[in-house]
Amino acid sequence: MDKRRDLEHAADEIEQLFADLWQVFPFSRGLRRGYRPQVDVYFGEDPPTLTVIVELPGLDPAGIQVVVSPQALLIAGERPRPRDCGHYQQMEIEYGPFQRQVTLGMDVDLDAATASYERGLLMVRLPLAPKPARAESVPIKVRVS
């Protein structure tokens with residue numbers, strides 16, 4: 001299970017590296033399709049919660065899909081290009097479909113997950129799942145062969 005999470009983490013880092021390269025070489029942005037919103041993930045202790053914040057300015061919250069599974073959080077949607085814009089003199093804002101996946105490194109309570117959207121920020125709160133109760137200690141007799 002740890003190897004799978006390590007591979008998913010490495011894949012996320014590679015995806016971020018390529019996204020950063022598009023920022024370094026802005027002349028090639030026209031070749032890039034879609035929009036890649038920025039994501040922050042942090043852990044809070046009171047109560048134990050994993051929080052994911054996604055920058056989604058200008059989107060209708062009804063068009064944002066949020067799906068959580070035991071291993072990952074998926075956020076998808078589309079930032080449509082405005083219609084009747086005329087001819088662009090400068091074009092820097094990214095539009096198009098997007099999909100971001102956040103690998104969860106902790107067990108979360110899927111039924112208690114919530115999402116809210118305010119002023120261009122999507123906030124997903126994922127309370128941690130309660131840990132199983134620790135079993136009582138049981139002595140084990142060591143046999144000599």
(request) Go through segment 61-80 and give me each residue that's exposed (fewer than 12 other Cβ atoms within 10 Å of the Cβ) and assigned to a loop (DSSP other than H, G, I, E, B). (result) SER69, PRO70
(message) Could you check segment 37-60 and list, in sequence order, the residues that are closer than 16 Å to ARG81 by Cα and either open to solvent by 30 Å² or more (accessible area, probe 1.4 Å) or assigned to a strand (DSSP E or B) (or both)?
(response) PRO57, GLY58, ASP60
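Could you tell me which residue of segment 1-36 is modelled with the lowest pLDDT, considering only residues that are assigned to a loop (DSSP other than H, G, I, E, B) and of a type in the set (A, V, I, L, M, F, W, C)?
For segment 1-36, the residue satisfying everything is PHE25.
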(request) Being under 24 Å from ASP2 (Cα atoms) and open to solvent by 50 Å² or more (accessible area, probe 1.4 Å) is the filter here, so list the residues in segment 115-127 that pass it. (result) ARG125
(message) I'd like the full set of residues that are under 17 Å from GLN38 (Cβ atoms), surrounded by 13 or more Cβ atoms within 10 Å (Cβ to Cβ) and at pLDDT below 90, limited to segment 86-114.
(response) GLU94, TYR95, GLY96
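The values are calculated or read from the model by the stated rules, or taken from the named source; none is laboratory data. Given the structure is predicted, the values throughout are model-derived calculations rather than measurements. Please note: Cβ atoms are built from the backbone with ideal geometry, for glycine as well, and neighbour counts cover all protein chains shown. Just the protein is used for accessible areas: all its heavy atoms, side chains included, with ligands, DNA and RNA removed. Shrake-Rupley method; radii C 1.70, N 1.55, O 1.52, S 1.80 Å.
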